[in-house]
Structures are given as C-alpha cells and as structure tokens.
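Trainee: Here it is: the structure, laid out below.
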Amino acid sequence: MANIRPTTVTTGEVRISYEHLLKPHANSTLPNAEPKYSVTLLIPKSDVATKQRIDAAIQAAIQEGITTKWGGVKPPQIPIPIHDGDGVRQSGEQFGPECKGHWVMTASS
C-alpha cells in the first residue's frame, strides 16, 4: 500500500450534487469570481467509517497547520469542511431536502 498522508481520505459510496467536474464554474453571486472545478459530496450518515476517517484527517490537518502555518498556536476558530445536512448552512439557511440524513462536504480546485 502506498504511503498515504493522514490528511488524505478515501470515502465509501457518496452521492454527488452540484458537480462542476468537466467544466469550471464561477459563482454567479460573486463579481469577478474565478471559475473552479467543484463538487458537493453527500455522505450517508450510516457510513460511520468514512465520517471517522474524515474527522481524523481534519484533526491531522489542524495539527499540521499548527506546526507549519500558525506558528505553534491553534487559532480560536478553524473552519471545518463537513456539515450536518439535517442542520443549517453557515449562512443560517436550511440545507435542501437532498441533504437530509447526510454529511455534506464541498471540494473545489
């Protein structure tokens, strides 16, 4: 097996939503936004193993950031890239019905 970084995660089965994998897309709400490749992953909450791997990778990334980017000090607020689809978005809006029962994560280039 290859040497995999602790911040790398391979998921189980996911559902893809809002995919822009073949052609980059610019956010229409932001003026002069640079087009990016992106995808939203809907990870079933029943896939506990994938969620545990994601959580471990997030913690590894935080530890890496403390030593390489933040001068040995953990910032008080660190954005976490995975969200509960049964809850609300960072904006306060509800997630759509497609997100219910899933962990929601967006990746972009």
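The values are calculated or read from the model by the stated rules, or taken from the named source; none is laboratory data. A quick note: this is a predicted structure, and the numbers were derived from the prediction, not measured. All accessible areas refer to the heavy atoms of the entire protein, side chains included, with ligands and DNA or RNA removed. Shrake-Rupley method; radii C 1.70, N 1.55, O 1.52, S 1.80 Å.
Trainee: Residue by residue through the stretch 45-56, which ³J(HN,Hα) values in whole Hz follow from phi under the Karplus form 6.51 cos²θ - 1.76 cosθ + 1.60 (θ = phi - 60°), with glycine and proline marked x?
Mentor: For the stretch 45-56, the Karplus curve yields 5, 6, 8, 5, 4, 5, 4, 5, 5, 5, 4, 5 Hz.
Trainee: Turning to a different aspect of this structure: Between residue 26 and residue 69, 0.36 nm times their residue separation minus their Cα-Cα distance comes to what? Intermediate results must be reported in sequence, preceding the final value.
Mentor: On the way: separation 43, 0.36 × 43 = 15.48 nm, distance 2.83 nm.
Roughly 12.7 nm would be gained on extension.
Trainee: Then there's this: With a 1.4 Å probe and every protein chain left in place, work out the accessible area per residue of the stretch 50-107 in Å², rounded to a whole number. Show your work: numbers first, answer last.
Mentor: Working: 3700 Å² over 58 residues.
Per-residue value: 64 Å².
Trainee: What residues qualify as long-range amide H neighbours of residue 102, i.e. H under 5 Å apart, gap of 5 or more or another chain, H built at 1.01 Å from N?
Mentor: Under 5 Å from the amide H of residue 102: 45, 85, 86.
Trainee: May I pose another question? Per 0.36 nm of contour for each residue apart, how much would the distance between residue 82 and residue 17 grow if the chain were fully extended, relative to their Cα-Cα spacing?
Mentor: Values: separation 65, 0.36 × 65 = 23.40 nm, distance 1.44 nm.
That works out to 22.0 nm of additional length.
Trainee: Could I ask something else about it? How big is D for the stretch 1-102, in µm² s⁻¹ as a whole number, if Stokes-Einstein is applied with the Kirkwood radius of its Cα pairs at 37 °C and 0.692 mPa s? Intermediate results must be reported in sequence, preceding the final value.
Mentor: On the way: Rh = 16.1 Å.
The Stokes-Einstein estimate is 204 µm²/s.
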